[in-house]
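Have a look at the structure below, then the notes.
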Amino acid sequence: MWTRCGRRSVPNIGIGVDFHGRVHKPMAKVLLRELEPYRLMFVEEPVLSEHVDGFADVLRNSPIPIALGEIPVWRARPCQVRPPHGVFGAGLTFRGAVSSVGQNTTEAKEIAMNARLDYFGNKVGGKFMRTIISAGRGLADSPLSLTIQELVRMRASQINGCAVCLDIHTKEAAAAGETDVRINLVAVWREANVFTEAERAALEVTEQACRMADGGGVTDEAWANAAKHFDEDQLAALVGVISLINAFNRVNAIVQNPGGDYRVGQFA
């Protein structure tokens, strides 16, 4: 009803419909056929994203471009099918990067947003990743507050250009109660008045540690300031958090893992 009214009221507007994966496959196929006359830009997640076989069946018969929603492009590849008008990640659409939908959009999405290497799926890479993930769990119950840990991870990921880690830790921080204001201002924490002195000290050490090649590492002044706010166990945890997030950042940046698909608690 809304789609019909919207199309009649504004004939040239681009319309996308999100099923949120809440429709069973037979009904999804019926609805896609019913929606065809309304010239939709896309339908997002017509069936649940984890049901790759169901996605494949829908894609084979889709009269409308399909946005993958929460399912990354690499995971849809086993379908080995392409709908008549293309398949792409919804994040690309929501960022306003799609001016036309078609085969070229599909190829551009795959070139721009696919990792160079499925590092976690690789035998050697997967073993390494499981090891450092295990190390991270050892920091979860450390005396350094989770709030500061997440601020550190976000700032390091910004500096190192890691979309995956920034996606993970902004969402995890928000789920844990962090405010949008503080998340948005982490990158400019020196000019913001929403961080405590302890948090600012941790962020200073983080920045200097991430930029060792630029200035010679963490200064005595930065370390002494952090020591005013944290005991030795907390400092040890801070060093661990910074070191570990840098490892994650570099793996993801090197293989160009795309961010945007993370769900809170996904790696718990």
Q: Treat each spin label as a single point 7 Å out from the Cα along the C-beta direction, and report the residue 130 to residue 239 distance in nm.
A: 2.9
Q: Note down the relative contact order for region 111-268 as a percent, whole number, built from C-alpha pairs under 8 angstrom at least six residues apart.
A: 39
Q: For region 201-268, run through the chymotrypsin sites (Phe, Trp or Tyr not before Pro) and keep only the ones in DSSP coil with at most 15 other Cβ atoms within 10 Å of their Cβ.
A: 267
**Q.** Cα lying deepest toward the dipole's positive end in region 152-220, options 168, 156, 212, charges on Cβ
**A.** 168
Q) Near the amide H of residue 44, under 5 Å away, which other amide H atoms are found, from residues 5 or more places off or on another chain, if H is placed in the peptide plane? A) 17, 18, 19, 67
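Taken together, the values in this text are just the output of simple stated rules run on the coordinates, not laboratory data. None of the values given here were measured: they were computed from a predicted structure. A quick note on method: Cβ atoms are made from the backbone with ideal geometry, for glycine too, and the neighbour counts reach across all protein chains shown.
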